[in-house]
Amino acid sequence: MIPFGVFSAEKKLWPNIIMAMIDEPLYPIAVLIDELKNEDIQLRLNSIRKLSTIARALGEERTRKEMIPFLSENNDDEDEVLLAMAEELGVFIPYVGGVEHAHVLLPPLETLCTVEETCVRDKAVESLCRIGAQMKESDIVDWFAPVVKV
């Protein structure tokens, strides 16, 4: 959000402020993508730890349709970043629209369950269990069971 005091600044700044307000909905996902592709591991880790903040800025629908698919495709990373992602996704149900949409969290976690590092796999399984425990029975049959079926 733009602080109120900014509007008392010089009038020549107003066009930039207006453009920032118009582009504001696109900004969080752009920052996420940029930071997750950065070479600096600490920047990527910080971005993962801010996923809930970014999801709130995007809203539930955009989180489901843009952020989660992006995270599903972005698994070629350091184990520390993947571990943080597995942990964050385990508490992400409110950000995707509640238990009705919890199934969208399963694909990235399923991918994380295949990572070589044991601690990443364990955290992904823990998050899957946390999500599965909150899902409706019909969704468990339709979405969760195929993920855990061997």
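The values are calculated or read from the model by the stated rules, or taken from the named source; none is laboratory data. None of the values given here were measured: they were computed from a predicted structure. When we count neighbours, we look across all protein chains shown, and the Cβ atoms used for this are built from the backbone with ideal geometry, even at glycine.
Tabulated results
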item	result
Residue 136 being farther than 21 Å from residue 56 by Cα, touching a Leu at 6+ places or on another chain (Cβ under 7 Å) and not small (Gly, Ala, Ser)	no
Selected residue (criterion: modelled with the highest pLDDT) from residues of region 59-96 that are outside any helix (DSSP H, G or I), in contact with a helix residue (DSSP H, G or I) (Cβ under 6 Å, 6 or more places away or on another chain) and over 13 Å from residue 134 (Cα atoms)	78
Filtered residues of region 36-77 (kept if basic (Lys, Arg) and more than 11 Å from the chain's Cα centre (by Cα))	37, 44
Members of region 36-58 found to be part of a loop (DSSP other than H, G, I, E, B) and of a type in the set (Lys, Arg), listed by number	37, 50
Number of positions in region 39-66 that are farther than 15 Å from residue 84 by Cβ and not charged (D, E, K, R)	4
